[in-house]
Amino acid sequence: EVPLVVSQSEEFGTAGVFWFNPTETFVDVEEVNGDKKELRTHWMSESGVIDIFLLPGSNPQSLYQQYAHLTGRVALPPMFSLGFHQCRWNYKDERDVYNVHGKFEEYDYPY
């Protein structure tokens, strides 16, 4: 889990808070005013230093660019690992299983 909270509104734009603490952290999110849909957060860490980064942005893209600059970008998984995401519960019937198997073979997709 990454302790990152993002807020977005037409009036104020996009803003985020990144809580940089490696210890166990809890974030409570509560609704303050039901009509205006205002939310309040309460951050609790077991120990460590309070180290936060405020990420202002005009849009979500600029916010996530700042976040990626701080934490790094996620590497793409190796091709062989993608085959393990095939779920056994999404087939309609036996013919569908053979069809999916055939496409995996046709496109040389690992599974």
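The values are calculated or read from the model by the stated rules, or taken from the named source; none is laboratory data. None of these values were measured; they are calculated from a predicted model. No Cβ is skipped: glycine too gets one built from the backbone with ideal geometry, and neighbour counts run over all protein chains shown. We work out accessible area using only protein heavy atoms, side chains counted, and drop any ligands, DNA or RNA first. Shrake-Rupley method; radii C 1.70, N 1.55, O 1.52, S 1.80 Å.
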Which of the residues belonging to region 1-23 are β-branched (Val, Ile, Thr), free of Cβ contacts under 8 Å to residues at least 40 places away in the same chain and in a strand (DSSP E or B)?
-> Val5, Val17
Considering every residue within region 63-72, establish whether at least one is exposed (fewer than 10 other Cβ atoms within 10 Å of the Cβ), out of contact with any Gly (no Cβ under 8 Å at 6 or more places or on another chain), modelled with pLDDT of 85 or more and not basic (Lys, Arg).
-> yes
Which condition breaks for His42 when tested against (1) surrounded by 10 or more Cβ atoms within 10 Å (Cβ to Cβ); (2) touching a strand residue (DSSP E or B) at 6+ places or on another chain (Cβ under 7 Å)?
-> (1)
Where in region 51-106 are there helices (runs of 4 or more DSSP H), lying wholly inside it, with at least 3 residues that are aliphatic (A, V, I, L, M)?
-> 60-71
In this structure, does Tyr91 turn out to be among the hydroxyl-bearing types (Ser, Thr, Tyr) and open to solvent by 100 Å² or more (accessible area, probe 1.4 Å)?
-> no
With the first residue restricted to region 61-78 and required to be more than 12 Å from Gly16 (Cα to Cα), and the second required to be of a type outside the set (D, E, K, R), Cβ contacts under 7 Å at 6 or more apart or on different chains are Leu70/Phe18; Leu70/Phe53
Out of the residues in region 24-47 that are at pLDDT below 85 and not in a strand (DSSP E or B), state the one that is farthest from the chain's Cα centre (by Cα).
-> Asp35
Does Leu54 qualify as being under 20 Å from Gly13 (Cβ atoms) and either β-branched (Val, Ile, Thr) or surrounded by 10 or more Cβ atoms within 10 Å (Cβ to Cβ) (or both)?
-> no
If you go through region 94-111, how many residues are of a type in the set (Asp, Glu) and open to solvent by less than 100 Å² (accessible area, probe 1.4 Å)?
-> 1
